[in-house]
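Student: I'd like to ask you about the structure that follows.
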Amino acid sequence: MNTLKAEKRSMDDKAKKLRREGYVTGNVFGRSLAESIPVKIEKKEAERFLSVCNKGSEAKLTIDTTDYDVLVKEVDYDPIKRQTLEIDFQVLTEGEKVRSVAEIVLVNHELVQGVLEQHMEEIPYKAGKSALVEKVSVDVGNLKPGDSIKVEDLDIAKDKDVSISPDVLEKVVVSVTEQTYAEADADDTEACLLYTSPSPR
């Protein structure tokens, strides 16, 4: 399990001031806590953590000298400044179901003959601590024009310990259409895959 160190934050310290000083702010909440805990995390430590974890990841969070098993609930990132502003965590408790998201990772997309379009980047679901899913691999290598994959077709939808709402189950994850060419050179016979991968962490 990935780990992250944080310190309790005094609310007298404004978030902008802490960010200027090299910190990422955050908040820790959960049913087992009497009240939420505002925290601050060293920027380098947060960047290291987010290089392998993201929203929906389970981790061990150490606040001062206390360890918590947590779920990353939200990551607030400023794309203009290219910096993480805040990370929020939910403390996990045995027997409690929590809402989370599973990242969708497409596999073998380079084998698709046609235009592959990804309609979803994550799947919202609800599950207990032992059934949490961080990533869902979707093999699209055998898809042909006209084919599609819905959430209900995936293994996560068949897991009895995972709850997914009916409207999400019906959503299309990926679809493939015919490749079309506009003003292509006569000598250019190579098929192109028009696929945009999800934004990097």
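Student: Name every residue in segment 15-33 that is surrounded by fewer than 20 Cβ atoms within 10 Å (Cβ to Cβ) and either within 21 Å of residue 98 (Cβ to Cβ) or free of Cβ contacts under 8 Å to residues at least 60 places away in the same chain (or both), in order of residue number.
Tutor: Answer for segment 15-33, where residues must be surrounded by fewer than 20 Cβ atoms within 10 Å (Cβ to Cβ) and either within 21 Å of residue 98 (Cβ to Cβ) or free of Cβ contacts under 8 Å to residues at least 60 places away in the same chain (or both): 16, 17, 18, 20, 21, 22, 27, 29, 30, 31, 32, 33.
Student: What do you reckon, is residue 114 at positive phi, touching a strand residue (DSSP E or B) at 6+ places or on another chain (Cβ under 9 Å) and surrounded by 19 or more Cβ atoms within 10 Å (Cβ to Cβ)?
Tutor: Criteria met by residue 114.
Student: Could you please give the count of residues in segment 142-160 that are surrounded by 12 or more Cβ atoms within 10 Å (Cβ to Cβ) and in a loop (DSSP other than H, G, I, E, B)?
Tutor: The qualifying residues number 5.
Student: Turning to a different aspect of this structure: Based on what the data block shows, is residue 76 loosely packed, with under 14 Cβ neighbours inside 10 Å and within 22 Å of residue 134 (Cβ to Cβ)?
Tutor: Judged against the criteria, residue 76 is a match.
Student: Within segment 48-64, is even one residue in contact with a helix residue (DSSP H, G or I) (Cβ under 7 Å, 6 or more places away or on another chain) and modelled with pLDDT of 95 or more?
Tutor: Scanning segment 48-64 turns up no residue that is in contact with a helix residue (DSSP H, G or I) (Cβ under 7 Å, 6 or more places away or on another chain) and modelled with pLDDT of 95 or more.
Student: State which residue pairs qualify: first residue in contact (Cβ under 8 Å) with a residue 60 or more places away in the chain and on the phi < 0 side of the Ramachandran plot and inside segment 34-61, second residue assigned to a loop (DSSP other than H, G, I, E, B) and open to solvent by less than 70 Å² (accessible area, probe 1.4 Å) in any location, beta carbons under 6 Å apart, and separation of 6 or more residues or different chains.
Tutor: As it stands, the answer is 57/134; 58/132, since those pairs meet every condition given.
The values are calculated or read from the model by the stated rules, or taken from the named source; none is laboratory data. Since we're looking at a predicted model, the values are computed, not measured. FYI the Cβ positions are ideal-geometry reconstructions off the backbone, even for glycines, and counts take in every protein chain you see. All accessible areas refer to the heavy atoms of the entire protein, side chains included, with ligands and DNA or RNA removed. Shrake-Rupley method; radii C 1.70, N 1.55, O 1.52, S 1.80 Å.
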